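J.: What follows is a single structure, and I will ask about it in a moment.
The values are calculated or read from the model by the stated rules, or taken from the named source; none is laboratory data. What you see is a predicted model, and the numbers here were worked out from it, not measured in a lab. Reconstructed Cβ throughout: ideal geometry from the backbone, glycine too, with neighbour counts over all protein chains shown. What goes into the accessible areas is simple: the full protein's heavy atoms, side chains included, and nothing from ligands, DNA or RNA. Shrake-Rupley method; radii C 1.70, N 1.55, O 1.52, S 1.80 Å.
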Amino acid sequence: MTRTIKYFLLFLVISSITKQSLAQHSKIDSLLTILKKDKEDTSKINHLIVIASEYKFKEPDSSIKYGTLSLKLSQKIKWQVGIGNSFHNLGEFNWRQGNSALSLTNYKQAFAIWDSLEKNIETNRKKIITNLKASTLSNIGVVYRNQGDYPKALDYDFKALKTYEELQDKHGIALTIGNIGLIYYNQGDYPKALDYYFKSLKKGEELGDKTLIATPLGNIGIVYNDEAINSKSQTEGDSLFNKALEYYLKALKMKEELGNKKGIGNTLGNIGSMYADEAQKIKEDKSAKKELLEQKALEYDFKALKMGEELGDKNRITIQFGNIGAVYTDSKKYAEAEKYLLQALAIDTTIGFLNHAKDTHEQLSKLYSQTNRYQLALEHFKKAMTLKDSLFNSEKNKEITRKEMNYEFEKKEAAAAAVAEKEKAVASAEAKKQQIVLLFVVCGLLLVLVFAGFIYRALRITRKQKALIEKQKQLVEEKQKEILDSIYYARRIQTALLPTEKYIDKSLKRLMKK
């Protein structure tokens, strides 16, 4: 497993080095030259992955081709990280091609790889895999959202958000919060959508990341634009329109600075829609202001369409076809309108873009009604209502509410568990501290008892020695007394038996006289 992660990290380094070293040359041509010399190992897989990524904006079919080659080689040499990366990239490539069903399959295959690796990898390497897992969850949520399956989209987004929060990945948190806002926007819940968009914007500003700032700016503009359309008064509507335009232009400027073509295309399309919506408010057929607004709308719509075609982004292309068709319908250019709307519907059906298909059917119904083709108008109206019921039924709304409640509940449970764990740790530390104190007290008492035992023993020995000394002293004294008594007795005997000097002297004198 260490070898697997080592090669994955090597891939990141190789990707970075490759991008820098080929800055002045054709990256793809240089990589294709390197590819011919590569052995069938991880280096070749890394090069195939980079080539596939470089092709995704130029030749989407080639990106899928090289992505498939990287997958096959990874499977051949059983390199799990290569397999996971290849499935993840194919998910993105197929999504850009409008193949949402295959995209979902690819992303779920990538997720299974990351999940397996995460369970069997050492702790210090796990964060890398967990981050890839969260990214894949988020992408699955995006696909489900565009398919109109909002409960599943929300489920995956909340799983991704939870994982990013565990990783403390602020970048991932900001992106996922924005994706959740999009789901609420698609459901028509503007207050909640704005709440999530502003949270996402705040996270981006905290990080100082222009990409994370630009996206919610544009999304906030969309909500204000929709609120401007539904406003009850002209004054409020104008204020909201200006707010929307302000946020759109900020987002556009930032995306242009970043060179984010996809983001530029999205924002251009949104500004076009805003001008079209303003034009619709004017009921007079021949109005200079209305014509000017429609011209501005088409100007931005065609710029966005061109950007989508350059990127091979079928989602953007069909949205712009629909927007252009709607403007032409309102300006009574019905032939042009029908052409663009039918092109949009064809793509919607192919890629499974149900939410946009509903809007396209509504526009076609409006077009055919205005041109007195009532049978076609009714057919498209019924199809739009069927899709609407599928996308916005009450059961789905309840499920979405449950998803959010479950997330909030799990979040609170996790927070409570963390607090409980912390309290447990503090209590455990306190208990250990008390145990240590108690141990010291017990040890101290034991030392005192041992010391007291030594003192008591010493005292006993001292008493015994003193008693022995006293006894010996007594014996000595008794012996001394006996000796003295003997001496005294002997002296008395001597005194009794021996004549005194005076007696002897007297006796000598007496003898001498004789």
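J.: Sort out which residues of segment 143-153 are open to solvent by 20 Å² or more (accessible area, probe 1.4 Å) and touching an Asp or Glu at 6+ places or on another chain (Cβ under 7 Å), and write them in order of number.
T.: Looking only at segment 143-153, we keep the residues that are open to solvent by 20 Å² or more (accessible area, probe 1.4 Å), and these are 145-147, 149, 152.
None; the set is empty.
J.: Might you check whether a residue that is in contact with a His (Cβ under 8 Å, 6 or more places away or on another chain), open to solvent by less than 40 Å² (accessible area, probe 1.4 Å) and either modelled with pLDDT under 95 or within 22 Å of Tyr300 (Cα to Cα) (or both) occurs anywhere in segment 195-208?
T.: no
J.: Separate question: Please go through segment 290-317 and pick out each residue that is without any contact (Cβ under 8 Å) to a residue 40 or more places away in the chain and polar (S, T, N, Q).
T.: Gln295
J.: Is one or more of the residues making up segment 154-164 assigned to a helix (DSSP H, G or I), among the small types (Gly, Ala, Ser), over 14 Å from the mean Cα position of the chain (by Cα) and surrounded by 21 or more Cβ atoms within 10 Å (Cβ to Cβ)? Step through it out loud before you land on a result.
T.: Residues of segment 154-164 that are assigned to a helix (DSSP H, G or I), as a first pass: 154-164.
Those left that are additionally among the small types (Gly, Ala, Ser): 160.
Among the residues that remain, those that are also over 14 Å from the mean Cα position of the chain (by Cα) are: none.
Within segment 154-164 (the criterion being assigned to a helix (DSSP H, G or I), among the small types (Gly, Ala, Ser), over 14 Å from the mean Cα position of the chain (by Cα) and surrounded by 21 or more Cβ atoms within 10 Å (Cβ to Cβ)), the answer is no, since none of the residues qualifies.
J.: Can you give me the number of residues within segment 165-192 that are outside any helix (DSSP H, G or I) and open to solvent by less than 30 Å² (accessible area, probe 1.4 Å)?
T.: Final tally of qualifying residues: 0.
J.: If Ile129 satisfies every condition in (1) in contact with a Leu (Cβ under 6 Å, 6 or more places away or on another chain); (2) at positive phi but one, which is the exception?
T.: Condition (2) is where Ile129 drops out.
J.: Anything in segment 58-100 that is more than 26 Å from the chain's Cα centre (by Cα), small (Gly, Ala, Ser) and more than 23 Å from Asp29 (Cα to Cα)? List them, or say none.
T.: Gly98
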